[in-house]
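Structure first, commentary second.
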Amino acid sequence: MAKQTKITKSARGQDCTLLLGDCSNNETVVLCHIGKDRGMGYKCSDHFAVYGCGNCHKIIDGQVKSEFTQGELAEIKLIALERTQQKLIDKELLNVV
């Protein structure tokens, strides 16, 4: 199991920031790593992650098919990153200097 950081733990109970249309409840929300350097057993920094419900996480990881193009998913992930980072700043888990 991956190390649970404060940022990883902060996803618990949050709303999904991906909002791909079929969001499950916030009990399934986890920190979804979206950086380029990611994959099974290898995660990018928590700074490149979004709050995502179980359904949306499967879509961005390519585990289920969706109607979104790769370009659309990239834009959705960028918007979700902005939303998530603002929440992390508000919680003082991400500091901008």
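Throughout, read-outs are computed from the coordinates displayed, never taken from laboratory work. What you are looking at is a predicted structure, and each value in this text was computed from that prediction instead of being measured. All Cβ positions, even for glycine, are placed from backbone atoms using ideal geometry, and neighbour counts span all protein chains on display.
Select from Q70, Q14, Q85 the residue whose mean-square fluctuation is largest in a Gaussian network model of the chain (Cα-Cα springs shorter than 10 Å).
Among Q70, Q14, Q85, the largest mean-square fluctuation in the Gaussian network model of the chain belongs to Q70.
Can you compute the helix-only [θ] at 222 nm over the chain? Use -39500 (n - 2.57) per DSSP H run of at least 4 residues, normalise by all residues, nearest 500 deg cm²/dmol.
Numbers: 3 runs with 33 residues, N = 97.
Taking each H run of at least 4 residues, the total per residue is -10500 deg cm²/dmol.
Describe numerically, in nm with one decimal, the distance between label points set 7 Å from Cα along Cα→Cβ at S24 and at T8.
Rounded to a tenth, the inter-label distance reads 1.9 nm.
At 0.36 nm per residue, minus the direct Cα-Cα distance, what do C44 and K91 gain on full extension? Give it in nm, one decimal, please.
Extra length from C44 to K91 when fully extended: 14.8 nm.
Taking K and R as +1 and D and E as -1, what net charge do the other residues with C-beta under 14 Å from the C-beta of N55 add up to? Please list the in-between numbers first.
On the way: positive: K58, K65; negative: D15, D22, E27, D61, E67.
With Lys, Arg at +1 and Asp, Glu at -1, the net is -3.
Let me know the charge dipole size of segment 6-90 about its Cα centre in debye, to the nearest 20, where only the beta-carbon of Lys, Arg (+1) and Asp, Glu (-1) is charged. Let's see the in-between values first.
Values: 11 positive and 11 negative charges, 69 e Å.
About 340 debye.
If you take all C-alpha pairs in the chain, what percent of them are over 18 Å apart? Please report the intermediate quantities before stating the final value.
Details: 1923 of 4656 pairs.
When every Cα pair of the chain is considered, 41 percent fall beyond 18 Å.
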